[in-house]
């Protein structure tokens, strides 16, 4: 191992106030992920997986602890700083695709580049290249309702990689797909890791998907229970 950590979380806690009750979602969780690694995160419902994903993806901040993304401590950044880091360094792929229904594949993929204030010409070029890289060169101007579930997830992946992020986070990426489309999406994600060196973090309940990754981190009661 080169110890080039792209993700380094040290004793993270996250406490939510639900009325009178304090909910401890993370309880001193620590983990590291090396650049270019493919890791799956597993755990039962209520284990803290979603909270951890939100913190790793800069959608939320820990109550205490330090989180270094690409060697930058993002744990105590404000909302604007987090949004900038998120747009530059994190790609998200969700179970439900999260595409804009009235927008073409190109427009959906260009979205992160618009937030980055990139010129229209460059946006168009990079979005087209991203769509071509996921096998959708002939679907650039189709809207989501004109695409299969597997194709919609490919658009979502193209959108997630268009900024060349430090980490790609996939939350149950095959959950809404039939097994053939699911296999194709997993192959695509693993090939992106091989070809681009993209660090891939997959949250899954599916042991078959976890078996495809280099390392599995099991979360229980807000802590890392074990790794293998």
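The values are calculated or read from the model by the stated rules, or taken from the named source; none is laboratory data. From a predicted model like this one, the values you see are computed outputs, not experimental measurements. Reconstructed Cβ throughout: ideal geometry from the backbone, glycine too, with neighbour counts over all protein chains shown.
In the stretch 98-121, how many are surrounded by fewer than 19 Cβ atoms within 10 Å (Cβ to Cβ), touching a helix residue (DSSP H, G or I) at 6+ places or on another chain (Cβ under 7 Å) and at pLDDT 95 or above?
The number of residues fulfilling the criteria is 2.
Given the condition at pLDDT below 95, in contact with a helix residue (DSSP H, G or I) (Cβ under 9 Å, 6 or more places away or on another chain), at positive phi and not in a helix (DSSP H, G or I), answer yes or no: does some residue in the stretch 152-171 qualify?
yes
Where the second residue is surrounded by 15 or more Cβ atoms within 10 Å (Cβ to Cβ) and at pLDDT 95 or above and the first is on the phi > 0 side of the Ramachandran plot and in a loop (DSSP other than H, G, I, E, B) and lies in the stretch 193-214, which pairs have Cβ atoms under 8 Å and are six or more apart or on separate chains?
197/35; 197/36
Kindly establish whether residue 95 is closer than 26 Å to residue 182 by Cα and either at pLDDT below 95 or within 14 Å of the chain's Cα centre (by Cα) (or both).
yes
Give me a count of the residues in the stretch 1-39 that are over 13 Å from residue 56 (Cβ atoms) and in contact with a helix residue (DSSP H, G or I) (Cβ under 6 Å, 6 or more places away or on another chain).
The qualifying residues number 2.
Restricting attention to the stretch 33-84, report how many residues are more than 14 Å from residue 7 (Cα to Cα), part of a loop (DSSP other than H, G, I, E, B) and either touching a residue at least 24 places away in the same chain (Cβ under 8 Å) or under 13 Å from the mean Cα position of the chain (by Cα) (or both).
Matching residues across the stretch 33-84 total 8.
Could you tell me how many of the residues in the stretch 43-59 are under 13 Å from residue 224 (Cα atoms) and touching a helix residue (DSSP H, G or I) at 6+ places or on another chain (Cβ under 6 Å)?
Total satisfying the criteria: 1.
Could you list, in sequence order, the residues of the stretch 108-148 that are touching a residue at least 40 places away in the same chain (Cβ under 8 Å), more than 18 Å from residue 91 (Cα to Cα) and part of a helix (DSSP H, G or I)? Spell out how you get there, then give the answer.
Kept after step one, since they are touching a residue at least 40 places away in the same chain (Cβ under 8 Å), are these residues of the stretch 108-148: 108-113, 116, 133-135, 143-145, 147.
Narrowing further to those that are more than 18 Å from residue 91 (Cα to Cα): 135, 143-145, 147.
Matches in the stretch 108-148: 144, 145.
Yes or no: the stretch 180-187 includes at least one residue that is part of a strand (DSSP E or B), within 26 Å of residue 70 (Cα to Cα) and modelled with pLDDT of 95 or more.
no
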